[in-house]
1. Within region 28-43, is even one residue under 24 Å from Met93 (Cβ atoms) and free of Cβ contacts under 8 Å to residues at least 24 places away in the same chain?
2. Being small (Gly, Ala, Ser), at pLDDT 70 or above, under 14 Å from the mean Cα position of the chain (by Cα) and part of a helix (DSSP H, G or I) is true for just one of Ala33, Ala49. Which residue is that?
3. Return only the number of the condition from (1) in contact with a Ser or Thr (Cβ under 7 Å, 6 or more places away or on another chain); (2) at pLDDT 85 or above that Glu43 does not satisfy.
4. Across region 1-29, what is the number of residues that are out of contact with any Phe, Trp or Tyr (no Cβ under 9 Å at 6 or more places or on another chain) and either of a type in the set (Val, Ile, Thr) or in a loop (DSSP other than H, G, I, E, B) (or both)?
5. Specify the residue that is surrounded by the fewest Cβ atoms within 10 Å (Cβ to Cβ); the eligible residues are those in region 1-18 that are of a type in the set (A, V, I, L, M) and under 16 Å from Ser71 (Cα atoms).
6. Please verify whether region 89-101 includes one or more residues that are surrounded by fewer than 15 Cβ atoms within 10 Å (Cβ to Cβ), at pLDDT below 85 and over 15 Å from the mean Cα position of the chain (by Cα).
7. Looking only at region 53-88, which residues are in a helix (DSSP H, G or I), of a type in the set (Val, Ile, Thr), over 16 Å from Ala35 (Cβ atoms) and at pLDDT 75 or above?
Amino acid sequence: MGRLIVLTTPDLELGYRLAGVATGAVASSAEAAQALQELLDTEADDVIAVHEPFFHDLEAPLRRRIETATSPLVVAMPGGRDADVEGERRARMLQMLWQAVGYEMTFDRGESGG
């Protein structure tokens, strides 16, 4: 059975550990990439959440490997910033839907009339 593993900053790691989640503390994008590579090599049925700023800094070959692999599932974990939270949340949701369903979905932001 798979488990949730969070690769995050040392400052945030304790919170995840207190919640009972397996963690890996990484201080940079390079450390995150190395830890992620090692986890991908195990080919376990895990879900790996990577601190969002580190996830977006991953090199193209590693991103392609993540996108084409069926297991483990690798996702970006929000970085805790509050700038444009609604826009980031919406973009993340659409990206997850695209990955799950296989095509891009859009939602009408207009309000329906009475």
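The values are calculated or read from the model by the stated rules, or taken from the named source; none is laboratory data. The structure presented is a predicted model; accordingly, all values stated were derived computationally and were not measured. Virtual Cβ from ideal backbone geometry, glycine too; neighbours counted across all protein chains shown.
1. No, region 28-43 has no match at all.
2. On the way: Ala49 fails: part of a helix (DSSP H, G or I).
Unique residue meeting the criteria: Ala33.
3. Failing condition for Glu43: (2).
4. Within region 1-29, residues that are out of contact with any Phe, Trp or Tyr (no Cβ under 9 Å at 6 or more places or on another chain) and either of a type in the set (Val, Ile, Thr) or in a loop (DSSP other than H, G, I, E, B) (or both) number 8.
5. Step one: filter region 1-18 for residues of a type in the set (A, V, I, L, M), giving 1, 4-7, 12, 14, 18.
Okay, now just the ones that are also under 16 Å from Ser71 (Cα atoms), so 1, 4-6.
Values: Met1: 5, Leu4: 16, Ile5: 21, Val6: 21.
So the residue we want is Met1.
6. Yes: one or more hits.
7. At the first step, the residues of region 53-88 found to be in a helix (DSSP H, G or I) are 53-56, 60-68, 85-88.
Add one more test, that the residue is of a type in the set (Val, Ile, Thr), and what stays is 66, 68, 85.
Checking which are over 16 Å from Ala35 (Cβ atoms) leaves us with 68, 85.
Passing the criteria: only Thr68.
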